[in-house]
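S.K.: Mind looking over this structure? Questions follow.
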Amino acid sequence: MLPFCEKRANGLALDKDGHLILCDSGNRTIASVDLSTKTKTIIVDNYQGKRLNSPNDLVIHSNGDIYFTDPPYGLKDLNDSPHKELAFNGVYRFSRDGGIKLLTDEFTFPNGIALSPDEKTLYVAQSDPEKPILMAYDLMDDGWIAQGRILFDFSELAKQGKPGLPDGMAIDGHGNLFVTGPGGVHVITPDGVHLGSIATGQAIANCAFGDDGSVLYLTSDMMLCRVQLKTKGMYF
């Protein structure tokens, strides 16, 4: 663990073999943990020989590919850190047979990431107070992205002084996105229509469906909360 990095893990997901795949922000890697042996293995820690910034969130495709974001949040002084080796904050795809590929370097602060239920759309949240947006990309059969578009702009909510920025997200079985952002969690359709919000009064970092799929769990700096919903997560 390096002293200039935030000592924590962030985004988590289970792969098809039951291994915990994590964004190890403190060690600047994507890693795998065998839950039976507690053995940790580094999957990827660099792009073209330069260390990753601090992987933040990930999602695993049904074919095993790992899509992840790499903002500078784990580095002291963020983009100004002398230990930052990459000149950008990227969104990547990692595959066991093809290694790491940079999908886009156009984000200022890429954060949450998710796939639509049919895996034809990749969603990425940008937690930049100057441009707090949710992007949607067509996901091609070869794993590359195309036709990026702003699905929802959180700027007006941010201007109202509501705490928080676009961060984590979860998707229900209908493809609706539950995205953390200014003021709480916002429910957005695949067409970008804002259906409503779960107002929390606190900045929420992440959310995930649990129990039988109808309970949404929310995390903030100091709280773990849950909300009973009438819908269920896409994996239930």
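Here, each number is a calculation from the coordinates, and none is a lab measurement. Computed from a predicted structure; not experimentally measured. Heads up, the Cβs are rebuilt from the backbone with ideal geometry, glycines too, and the neighbour counts pull from every protein chain shown.
S.K.: If you build the Cα gyration tensor of the stretch 189-236 and take the root of 5 times each eigenvalue, what three semi-axes come out, in whole angstrom, biggest first?
M.R.: Its equivalent ellipsoid spans semi-axes of 18, 16, 9 Å.
S.K.: Just the C-alpha atoms of the stretch 83-187: what Rg/Rh do they give, with Rh taken as the Kirkwood radius?
M.R.: 0.99
S.K.: Taking the Cα centre of the stretch 67-128 as origin, work out the dipole magnitude from +1 charges on Lys and Arg Cβ and -1 charges on Asp and Glu Cβ, in debye rounded to 20.
M.R.: Roughly 180 debye, rounded to the nearest 20.
S.K.: Starting from 0.36 nm per residue, how many nanometres of slack lie between C225 and A87 once their C-alpha separation is accounted for?
M.R.: Length gained between C225 and A87: 46.0 nm.
S.K.: Treating only the Cβ of Lys, Arg, Asp and Glu as charged (+1, +1, -1, -1), what charge dipole size does the chain show about its Cα centre? Round to the nearest 20 debye.
M.R.: 480 debye
S.K.: So, one more: For all pairs of alpha-carbon atoms in the chain, what percent lies in each bin of width 10 Å, listed from the first bin to the last filled one?
M.R.: Using 10 Å bins, I get a P(r) of 8, 34, 39, 18, 2 for the chain.
S.K.: Along the positive direction of the dipole of the chain (beta-carbon charges: Lys, Arg +1; Asp, Glu -1; about the Cα centre), which of A146, P71, A9 reaches farthest?
M.R.: A9
S.K.: Which of the listed residues, F107, S197, Y123, is farthest toward the dipole's positive end in the chain, when Lys, Arg count +1 and Asp, Glu count -1 at the beta-carbon?
M.R.: Of F107, S197, Y123, it is S197.
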